[in-house]
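Following: one structure in structure tokens, then a few remarks.
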Amino acid sequence: MAYLAAALVLIGLLAAVNLLFTVGVVRRLREQTRELAELRGAGIAGGDVALTAGSPVADFSGTDVDGHPVSFAGLGDRPLVGFFSMSCSACREKLPAFLAFAAARRGGADRLLAVVVGSAEESVELVSQLRPVATVVTEAEDGPIQRAFAVTGFPAFVLVRDGVVEASGFDLTPVAERDAAMPVDVAEPARS
């Protein structure tokens, strides 16, 4: 009987120590969450991944994967631009939603620009998925289109109207919602 009582006391002590460690872990997680929220609010960690709403977009030019010239002016007055990196796991996760949205978006591939960051050899599969729904450009890290949109993270989605960013972010949903709320123009852009 003494062994049983000792075992119960030992189990009770272990449970109390475990509870104390759990409370400490929860407290630390709350502190880290608060600190991360403060950093994001200050634009230091995980903030904007591209130009913010109201920012003008710098002009750029390049060549798409089919050899056609691409410029900001050639995308029309309301383009949507998506930036994807070959080394980005979140890009692979968000790609199906972008493809579905792009396929349904009015204006077709001429009003959608997909920028794939990485070598042409490693981005073949991603480019082949994007080509039916968007004008696709591949470029190296910190390429001219990324600089024009001040891209700092991937994926990045930017909706532009008349040369000014309407919405941007890491998540396509708010950008797509803003796009749906904008009046639809009937004029189609000419490919430059």
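Just name the residue that is modelled with the lowest pLDDT out of those in the stretch 10-69 that are of a type in the set (S, T, Y) and outside any loop (DSSP other than H, G, I, E, B). Give the derivation first.
Narrowing the stretch 10-69 to residues of a type in the set (S, T, Y): 22, 33, 52, 55, 61, 63.
Subsequent filtering for residues that are outside any loop (DSSP other than H, G, I, E, B) retains 22, 33, 61, 63.
Details: T22: 93, T33: 75, S61: 88, T63: 92.
Here the residue is T33.
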Check your understanding: Can you pull out the residues in the stretch 63-88 that are touching a residue at least 60 places away in the same chain (Cβ under 8 Å) and at positive phi?
Key -> G76
Check your understanding: Just to be sure, is P96 closer than 20 Å to T52 by Cα, assigned to a helix (DSSP H, G or I) and not basic (K, R)?
Key -> no
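So, in the stretch 60-75, of the ones that are hydrophobic (A, V, I, L, M, F, W, C) and farther than 20 Å from R178 by Cβ, which residue ends up surrounded by the fewest Cβ atoms within 10 Å (Cβ to Cβ)?
Step one: of the stretch 60-75, the residues hydrophobic (A, V, I, L, M, F, W, C) are 60, 65, 70, 72-73, 75.
Keeping just the survivors that are farther than 20 Å from R178 by Cβ gives 60, 65, 70, 73.
Numbers: F60: 18, V65: 19, V70: 21, A73: 13.
Applying the filter and picking the extreme gives A73.
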Review point. List, please: which pairs have Cβ atoms under 7 Å, are six or more places apart or on different chains, and start with a residue in the stretch 116-131 that is assigned by TED's automatic domain parsing to the domain that holds I145 and without any contact (Cβ under 8 Å) to a residue 60 or more places away in the chain and end with one that is in a strand (DSSP E or B) and acidic (D, E)?
Key: V117/E139
Exercise for review: Assess whether G153 counts as being under 16 Å from D77 (Cα atoms) and in contact (Cβ under 8 Å) with a residue 40 or more places away in the chain.
Suggested key: no
Exercise for review: Scan the stretch 76-90 residue by residue and report those that are more than 16 Å from V151 (Cβ to Cβ), surrounded by 13 or more Cβ atoms within 10 Å (Cβ to Cβ) and of a type outside the set (D, E, K, R).
Suggested key: G76
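Residues of the stretch 149-158 being crowded, with 21+ Cβ neighbours inside 10 Å and over 15 Å from C88 (Cα atoms), which ones? Walk me through it before giving the result.
First pass over the stretch 149-158, keeping only residues crowded, with 21+ Cβ neighbours inside 10 Å: 149, 151, 154-158.
F149, V158 - these are the residues of the stretch 149-158 that are crowded, with 21+ Cβ neighbours inside 10 Å and over 15 Å from C88 (Cα atoms).
The values are calculated or read from the model by the stated rules, or taken from the named source; none is laboratory data. Every value quoted in this text rests on a predicted model; they were computed, and no experiment measured them. Cβ coordinates were reconstructed from backbone atoms using ideal geometry, including for glycine residues, and neighbour counts include every protein chain displayed.
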